[in-house]
Amino acid sequence: MAWFSFHGGHSGEFCRHASGSLAEVLESAVARGFGVYGVSEHAPRERVEDLYSDERDLLPVDLARIFQAYVERATRLREEFADRLEVLVGFETEVVPPDSWLESMQALRAGSSFDYLVGSVHHVEGFGIDVSEQESARAAERVGGGDALRCAYFDQLASMVTGLRPTIVGHFDLIRKFDGASPTFSVDAWKAIERALEAVREAGSLLDVNSAPARRRLGPPYPLPEILERARRMGIGVTLGDDSHGPADVGVGLETCLEAIVVAGYREVTCLRRRVGGTSAEAVPLEEIGPA
Ligand SMILES: [Zn+2]
Ligand SMILES: [Zn+2]
């Protein structure tokens with residue numbers, strides 16, 4: 001059986017809102033039957049106003065230093081675990097600062113030899129959209145309401161995908177995080193979703209089918225069933241992400257992701273592998289996927 005996840009591996013060692021060490025996360029992946037496990041720590045934010053509330057004692061220069069420590073540690077652990085677990089080292093992007101995120105993310109990517117990239121959007125016009133309902137409400141106010149915020153989010157996602165062409169697009173519809181178990185989208189939001197999916201298809205990126213909502217009891221995996229079905233009809237590939245933020249999260253909820261993938265009509269899920277010459281994307285039939 002093949003068992004893998006590529007969006008996650010956040011650890012308390014390098015991320016204030018995660019727990020445990022990176023080695024403990026990888027030990028948990030071994031114990032829970034993973035053969036391949038990708039770690040994608042958050043990119044460092046560059047402005048004081050983008051620091052989270054639990055980072056108030058830090059400066060952007062500290063985040064940059066912590067991120068470099070992550071890259072070094074993850075790269076070393078990749079070798080140390082090699083006989084037990086195929087570890088891939090990547091990172092998860094940001095779209096802040098609003099006017100220079102593309103250059104920042106490109107520079108970060110070019111600065112180290114990553115196996116892959118998770119392209120994610122956590123901000124619209126500099127406002128966090130997954131931090132709290134209050135901050136999301138402020139973002140909505142800024143762009144002209146909740147529906148406008150959804151449209152702006154998916155348009156931001158499309159421009160991130162087009163600009164960075166990430167290996168994986170993280171939590172495609174994160175914007176509905178606080179909208180309950182069965183959110184609905186307006187006609188305009190659906191148009192924005194379709195533009196974003198078209199950007200994903202054009203870039204050849206994979207969609208992260210992400211179990212974080214299941215873990216936090218916030219609804220079905222990202223993306224919603226109707227988005228996933230549309231993606232399948234467009235020929236967009238999918239992969240798995242537990243979005244783990246500590247050893248206890250590793251693999252949690254991935255069975256709900258597999259169910260959603262089956263319901264959407266997929267037959268295969270893509271697994272990234274470290275091969276001579278670079279990272280390759282390999283299709284794994286659904287019946288061969290599960291813990292070892
Ligand atoms: Zn996080
Ligand atoms: Zn994320």
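The values are calculated or read from the model by the stated rules, or taken from the named source; none is laboratory data. This structure is a prediction, so every number in the text was calculated from the model and none was measured. With ideal geometry, Cβ positions are generated from the backbone for all residues, glycine too; neighbour counts draw on all protein chains shown. Just the protein is used for accessible areas: all its heavy atoms, side chains included, with ligands, DNA and RNA removed. Shrake-Rupley method; radii C 1.70, N 1.55, O 1.52, S 1.80 Å.
Data table
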{"read-out": "Region 21-43, subset farther than 17 Å from Arg76 by Cβ and in a loop (DSSP other than H, G, I, E, B), residue most open to solvent (accessible area, probe 1.4 Å)", "value": "Arg32"}
{"read-out": "Residue satisfying condition, being of a type outside the set (Lys, Arg) and more than 30 Å from Cys151 (Cβ to Cβ), within set Tyr52, Tyr70, Tyr116", "value": "Tyr70"}
{"read-out": "Residue pairs meeting the criteria (Cβ under 9 Å; at least 6 apart or on separate chains; first more than 21 Å from Ala231 (Cα to Cα), in region 263-292; second of a type in the set (Val, Ile, Thr))", "value": "Arg273/Val36; Arg273/Thr279; Arg274/Val36; Arg274/Val87; Thr279/Thr167"}
{"read-out": "Unmet criterion (only one of (1) within 16 Å of ligand 2 (Cβ to nearest atom); (2) surrounded by fewer than 23 Cβ atoms within 10 Å (Cβ to Cβ)) for Gly9", "value": "(2)"}
{"read-out": "Count of residues meeting criterion [free of Cβ contacts under 8 Å to residues at least 12 places away in the same chain and not polar (S, T, N, Q)] in region 129-143", "value": "5"}
{"read-out": "Odd one out for Arg138 among (1) farther than 21 Å from Gly9 by Cα; (2) of a type in the set (D, E, K, R); (3) open to solvent by less than 60 Å² (accessible area, probe 1.4 Å)", "value": "(3)"}
